[in-house]
Amino acid sequence: MTSHIQEHYHPDGTVEIRRHYYNNMLHREDGPAYERFYKDGAISARGWCIHNKFHREDGPAIEYFFLNGSCAKAHYYLNDKPLSESEYMRQVALLKLAKKSAVNCGVSL
C-alpha cells in the first residue's frame, strides 16, 4: 500500500494541480485529495475523495473558488452520490446518529 502526491505546474513553476493518491486512487482522509491553484497560489478548486469516490462528511466534497477566495460553487457528495445541500445535511445527521448509537453499543463503524 503506497501513498504519494502528484503535482503539475504552471509554466512559471507555481503549483497548478496537486493530487493525493493511495494505492493509485485519489484518496486523502485529512483534507482534499485534489487541489487546483491559480497562478498566484490562491485555491481555484478542491475535492475530497476516499478510495477514488467523492465523499465528505463535514462540508461540500467539491468546491470552486473565485480568484478573491470566495466560494463560487459547492457540490455535496457522500460515497460518490451527488446530493442537494438539504439532502446532504439530512444524510450526515443520520450518519452521526448511527455512529453515536454504534459507539454506545460498543460497535465500530
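Quick rundown of the values:
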{"item": "Complete set of residues in the range 79-109 that are at pLDDT 95 or above, in a helix (DSSP H, G or I) and either touching a His at 6+ places or on another chain (Cβ under 9 Å) or among the β-branched types (Val, Ile, Thr) (or both)", "result": "Val92"}
{"item": "Within the range 43-54, tally of residues that are polar (S, T, N, Q) and under 29 Å from Leu95 (Cα atoms)", "result": "1"}
{"item": "Count of residues meeting criterion [in a loop (DSSP other than H, G, I, E, B) and open to solvent by 40 Å² or more (accessible area, probe 1.4 Å)] in the range 54-78", "result": "7"}
{"item": "Residue in the range 38-47 that is acidic (Asp, Glu) and closer than 28 Å to Lys96 by Cα present", "result": "no"}
{"item": "Tabulated pairs, the range 12-37, first assigned to a loop (DSSP other than H, G, I, E, B), second hydroxyl-bearing (Ser, Thr, Tyr), C-beta under 6 angstrom, 6+ apart or interchain", "result": "none"}
{"item": "Residues located in the range 4-53, provided they are open to solvent by 60 Å² or more (accessible area, probe 1.4 Å), of a type in the set (Asp, Glu) and under 30 Å from Ser86 (Cβ atoms)", "result": "Glu29, Asp30"}
{"item": "Residues of the range 79-104 that turn out to be basic (Lys, Arg) and open to solvent by less than 60 Å² (accessible area, probe 1.4 Å), as a count", "result": "0"}
{"item": "Residue check for Arg46: out of contact with any Leu (no Cβ under 7 Å at 6 or more places or on another chain), under 16 Å from Glu7 (Cα atoms) and in a strand (DSSP E or B)", "result": "yes"}
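Residue-by-condition table, conditions (1) charged (D, E, K, R); (2) in contact with a strand residue (DSSP E or B) (Cβ under 8 Å, 6 or more places away or on another chain); (3) under 22 Å from Val92 (Cα atoms):
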| position | (1), (2), (3) |
| --- | --- |
| Val15 | no, yes, no |
| Arg19 | yes, yes, no |
| Arg28 | yes, yes, yes |
| Gly41 | no, yes, no |
| Arg56 | yes, yes, yes |
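The values are calculated or read from the model by the stated rules, or taken from the named source; none is laboratory data. None of these values were measured; they are calculated from a predicted model. Don't worry about glycine lacking a Cβ; one is built from the backbone with ideal geometry, like all the others, and counts go over all protein chains shown. Side chains included, ligands, DNA and RNA excluded: accessible areas come from the protein's heavy atoms. Shrake-Rupley method; radii C 1.70, N 1.55, O 1.52, S 1.80 Å.
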